[in-house]
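Report on the following structure.
The values are calculated or read from the model by the stated rules, or taken from the named source; none is laboratory data. What you are looking at is a predicted structure, and each value in this text was computed from that prediction instead of being measured. Don't worry about glycine lacking a Cβ; one is built from the backbone with ideal geometry, like all the others, and counts go over all protein chains shown. Side chains included, ligands, DNA and RNA excluded: accessible areas come from the protein's heavy atoms. Shrake-Rupley method; radii C 1.70, N 1.55, O 1.52, S 1.80 Å.
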Amino acid sequence: MPNTPKFVYAFSEGNKDLKDLLGGKGANLAEMANLGLPVPPGFTITTEACRAYLAEGAEPAGLHDEVQRHLSALEEGMGRRLGDPDDPLLVSVRSGAAFSMPGMMDTVLNIGLTDASVAGLAAQADDERFAWDSYRRLIQMFGKTVLGVDGDLFEERLDAAKRAKGASSDLDLDAADLRALVDAYKALVAKEAGRDFPQDPRAQLDLAVRAVFASWNGDRARLYRRQERIPDNLGTAVNIVAMVFGNLGADSGTGVAFTRDPATGKQGVYGDYLANAQGEDVVAGIRNTVPLAELERLDKPSYDRLLEIMEILEGHYRDLCDIEFTIERGALWMLQTRVGKRTAEAAFRIAAQLVDQGLIDDDEALRRVSGAQLAQLMFPRFAAASDGADADAPEPVAEGIAASPGAAVGRAVFDQATAVAWAARGDRVILVRRETNPDDLAGMVAAEGILTSRGGKTSHAAVVARGMGKTCVCGAEALAVDPRGKRFTARDGVVVEEGDVISVDGTNGKVYLGEVPVVPSPVVDYFEGRATPDGEGQDGLLTAVDRIVGHADRVRRLRVRANADTGEDAARARRFGAQGIGLLRTEHMFLGERRKHVERLVLADTDDSRAAALEALLPLQRQDFAEVLAAMDGLPVTIRLLDPPLHEFLPDLTELSVKVALADERGTGSDEDRALLDAVRRLHEQNPMLGLRGVRLGLVVPGLFAMQVRAIAEAAADRLRAGGAPHPEIMVPLVGGVQELEIVRDEALRVLAEVGAEHGVPLDLPIGTMIELPRAALTAGQIAGSAEFFSFGTNDLTQTTWGFSRDDVEASFFAAYLDAGVFGVSPFESLDRDGVGRLVALAAAEGRATRPGLGLGVCGEHGGDPDSVRFFHDTGLDYVSCSPFRLPVARLEAGRAAVLDGRAHGTGGGTADTR
Ligand code: PEP
Ligand code: MG
């Protein structure tokens, strides 16, 4: 016969590292017991038993007897038997999975009380009221969580009992009242559950254990797991612990405590205490708790002991712990501890404090914080939200999706031209649109924040806003936006006209009328060089950020570059730690005033007219590049040749058709407009994403890429001759096959040689390609033959691998996909490792097999996503490139990745990347 597994562990057999088997609660109870702290005796049924129960639909063989053996040992140790009529042992039954999981059955207290043993408890405690109070609590909790009776029905009867007595608190009910309540509860259970409340103590225990097992598969628990990406097959453990009583009178009570302030990280005494109460009373809010510091006055010995234990726990766990405790007639008992949740700022402060205290080292401090937390610290906030003063917070008029965090206040404007004009005259504006598109870009740049009524977290508005570090709430569906009337209508018919001030909170998706006060992020001031780490008033926050990010820079292997298109962006990127530019998109250089040159290029019907259009663009481009190369002197700047389809730079088809039709009717039409309309029609595409864009444009629009390469080469030559150190790199977008790249490369090499000769300087610029199509990834071995570097364009690679167009699908069905758990997070936000990630890994490996020194980077949105950075580190890329605002996050996560895979580097990433 195979060995039956061990299903039950006494606390003395467990420890904190056995979370998977004993759950968090069980593992930590064992740890505390083994530290010699006052934990009531008990034992834990393993998650393995739960898995077996769920698989078989019944307790696995041997479990019943194993529980009995541990129960007997517990009874012996306590000198009482479970439910004994004269002197009953009572136990609590509590669920506890490896991850803390709301939605599962939590706790049933006082198991072992029956019609017979309630008298024994009364006699032993010399307190009849206490015994009946404990019994009614058992029936109430058991009825609700084990037998599935609606909890409100119990509350109704409790309220009725209080009303009948004219009492406001449950403390005013005496033994007789509670006894009557027990009868009412039992009748309720019989009626609602179709069975009597069980009078056999062991049956109570077994039913409660089974209910805990089954609660693993409850609807709310499943939903929570799906959202949090917790695997479904872990199961929960069950803790069975001897009861200690906080409801034995004024010298008893129960409370929760933190070893430091989880909101700020400050050291001190934080928590709540409730006298004469059992655990669930604290959270249920039936009576007001008192601050933990009050306990010092109420029961000094217990308070002193609690502080002593908190110190032991912090020292042992080397972290902030949260604690549940009970005091029974002056004796302190620890019921639970775990490493406590905390805010982002507390996480940084605590990690640095613990290093200062010598409890952890810098590597460990880096593991204790996350890029997501650093990102939170980098956004301005509304003062009301930041100090938690909810009572004073105004009522929102709408709520949408919190798409790009931060707080923005400004006048509502409804079109990009007004946004630009008003911002230019010094007004702060919020751009309000149904949804945004590339035409709104200038308005988005000018605005403090963006508010849309349509679209999800990865809509155009959201992605662009995040890239710019700008506050955005999108998909506020309750808003009726009327761009023509320049107004929107919100909740309760409130109308906001152009010019009215609104406040938008991108951290929680709320929209307010009027001005809500905003506080800037001190962490951004620090990265910008406007605040020093040891400056006033930060209580160590900036010192902590400085220390931890500084350590990340020392240990990371991945370098970080920025996606930046202008000299100004490049300068900021440098302040934020960029080691170069990984993606300079050239498309914005074809907008605005320059559109007319693009129109001429498209309309050109002779070589001369085409050359003239390109000739007009050349100096403008050269100046653009000169500015960025100056700002990034000494560091690499990857410049991508034009990517979007040309029609994006031409007038809108519908508008132009109307214009031409009206003009023709009036007899004022021009040949030029008609020719332009023809061209716009010719270039119109059903699926522009999959159409004439990227390298394809370079191949079919003669001279376009050559002009761009010449502008890059001339800017570099000028800078070289001026004594600078330009390192431009030429990047070709949307390559699917090596032949495409070869053609562009040959032409680029010709132009570089020409310009080099004209200026008398050698121009040996690296030429590489984006890998953003599945075919490019799959043929990376061939492509690497003609590319000196790859940069993974994971935005396009995600769309083309999944076969969905980002701009379309995010607004239409991503919300449904997220709800249905098809993905836990949008693949445009966090890299889809199983699909897109495999293509990246394959292309990296096959590219390097062809060309061992091949440079590898990523410049899609994922380059600044904490989870994805870890993947890029593991895959062996050289750098990640992201928007300037994400750089500190990328630096931190690159450091964490190095520490987490145990290969911290010491110097690598922190040095400048000058090939
Ligand atoms: C990409 O596709 O990942 C990329 C960076 O290019 P773009 O987002 O400009 O298409
Ligand atoms: Mg792309």
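Candidates are the residues of the range 758-787 that are in contact with a Ser or Thr (Cβ under 9 Å, 6 or more places away or on another chain) and assigned to a loop (DSSP other than H, G, I, E, B); the one that is nearest to ligand 2 (Cβ to nearest atom) is Glu772.
For the range 724-737, the condition holds for no residue, the condition being that it is more than 45 Å from the chain's Cα centre (by Cα) and away from ligand 2 (no atom under 16 Å from the Cβ).
Evaluated against (1) assigned to a loop (DSSP other than H, G, I, E, B); (2) open to solvent by 10 Å² or more (accessible area, probe 1.4 Å), Ala476 falls short on exactly one condition, (2). Restricting to the range 722-744, count the residues that are in a helix (DSSP H, G or I) and open to solvent by 20 Å² or more (accessible area, probe 1.4 Å). Count: 4.
Any chance the range 96-113 includes a residue that's in a helix (DSSP H, G or I) and either open to solvent by less than 20 Å² (accessible area, probe 1.4 Å) or in the same structural domain as Ala277 (by TED's automatic domain parsing) (or both)?
Residues of the range 96-113 that are in a helix (DSSP H, G or I), as a first pass: none.
Within the range 96-113, none of the residues are in a helix (DSSP H, G or I) and either open to solvent by less than 20 Å² (accessible area, probe 1.4 Å) or in the same structural domain as Ala277 (by TED's automatic domain parsing) (or both).
Each row is one residue, and each column tells you yes or no for (1) closer than 30 Å to Pro231 by Cβ; (2) touching a residue at least 40 places away in the same chain (Cβ under 8 Å).
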position: Gly36; (1), (2): no, no
position: Leu71; (1), (2): no, yes
position: Gly77; (1), (2): no, no
position: Arg81; (1), (2): no, no
position: Asp84; (1), (2): no, no
position: Ser100; (1), (2): yes, yes
position: Val108; (1), (2): yes, yes
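For Val755, the stated conditions do not hold, so it cannot be described as over 19 Å from Gly582 (Cα atoms) and at pLDDT below 95. Has the range 585-594 got at least one residue that is under 27 Å from Asp633 (Cα atoms), surrounded by 23 or more Cβ atoms within 10 Å (Cβ to Cβ) and within 29 Å of the chain's Cα centre (by Cα)? Checking the range 585-594: not a single residue is under 27 Å from Asp633 (Cα atoms), surrounded by 23 or more Cβ atoms within 10 Å (Cβ to Cβ) and within 29 Å of the chain's Cα centre (by Cα).
Pairs meeting the criteria (first residue in the range 17-29 and open to solvent by 10 Å² or more (accessible area, probe 1.4 Å), second residue β-branched (Val, Ile, Thr), beta carbons under 8 Å, at least 6 apart or on different chains) are Asp20/Thr47; Leu21/Thr46; Leu21/Thr47.
Taking the stated definitions as given, is Ser786 among the polar types (S, T, N, Q), touching an Asp or Glu at 6+ places or on another chain (Cβ under 7 Å) and either away from ligand 1 (no atom under 15 Å from the Cβ) or farther than 29 Å from His460 by Cα (or both)?
Numbers: among the polar types (S, T, N, Q): yes; touching an Asp or Glu at 6+ places or on another chain (Cβ under 7 Å): yes; either away from ligand 1 (no atom under 15 Å from the Cβ) or farther than 29 Å from His460 by Cα (or both): yes.
Here the answer is yes, as Ser786 does meet what is asked.
Whenever a residue of the range 782-802 is open to solvent by 10 Å² or more (accessible area, probe 1.4 Å), its partners that are away from ligand 1 (no atom under 14 Å from the Cβ) and part of a helix (DSSP H, G or I), lying with C-beta atoms within less than 7 angstrom and at least six residues away or across chains, give the pairs Gln782/Val738; Gly785/Val738; Gly785/Thr850; Ser786/Val738; Ser786/Leu741; Ser786/Glu742; Ser786/Arg745; Thr801/Gly835. Residue check: is Gly535 open to solvent by less than 60 Å² (accessible area, probe 1.4 Å), in a loop (DSSP other than H, G, I, E, B), at pLDDT 90 or above and more than 26 Å from His862 (Cα to Cα)? No; evaluated as a whole, the condition is false for this residue.
Per-residue answers, yes or no, for (1) in a helix (DSSP H, G or I); (2) without any contact (Cβ under 8 Å) to a residue 60 or more places away in the chain:
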residue	(1), (2)
Gly577	no, no
Gly582	no, no
Arg594	yes, yes
Val598	yes, yes
Val602	yes, no
Asp608	yes, yes
Ala612	yes, yes
Leu618	yes, no
Leu642	no, no
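The criterion of at least 3 residues that are surrounded by 20 or more Cβ atoms within 10 Å (Cβ to Cβ) is met, among helices (runs of 4 or more DSSP H) falling completely within the range 159-252, by 175-193, 201-215. When only residues in the range 82-93 that are assigned to a strand (DSSP E or B) and touching a Gly at 6+ places or on another chain (Cβ under 9 Å) count, which is nearest to Asp219 (Cα to Cα)? So the residue we want is Ser92. Remark: pairs (first residue in the range 159-170, in contact (Cβ under 8 Å) with a residue 24 or more places away in the chain; second residue part of a loop (DSSP other than H, G, I, E, B) and among the basic types (Lys, Arg); Cβ separation under 7 Å; 6+ apart in sequence or on different chains) = Ser169/Arg287. Of the numbered criteria (1) within 16 Å of ligand 1 (Cβ to nearest atom); (2) free of Cβ contacts under 8 Å to residues at least 40 places away in the same chain, the one Ile767 fails is (1). Of the candidates Leu887, Leu818, Leu842, the single residue that is part of a helix (DSSP H, G or I), within 18 Å of the chain's Cα centre (by Cα), surrounded by fewer than 24 Cβ atoms within 10 Å (Cβ to Cβ) and not polar (S, T, N, Q) is Leu818.
Would a scan of the range 427-436 turn up a residue that is under 30 Å from the mean Cα position of the chain (by Cα) and modelled with pLDDT under 90? Full working, then the answer.
Start the filter on the range 427-436 by keeping residues that are under 30 Å from the mean Cα position of the chain (by Cα), which leaves 428-436.
This time we only want the ones that are modelled with pLDDT under 90, so: 435-436.
Checked against the condition, which is being under 30 Å from the mean Cα position of the chain (by Cα) and modelled with pLDDT under 90, the range 427-436 yields at least one hit.
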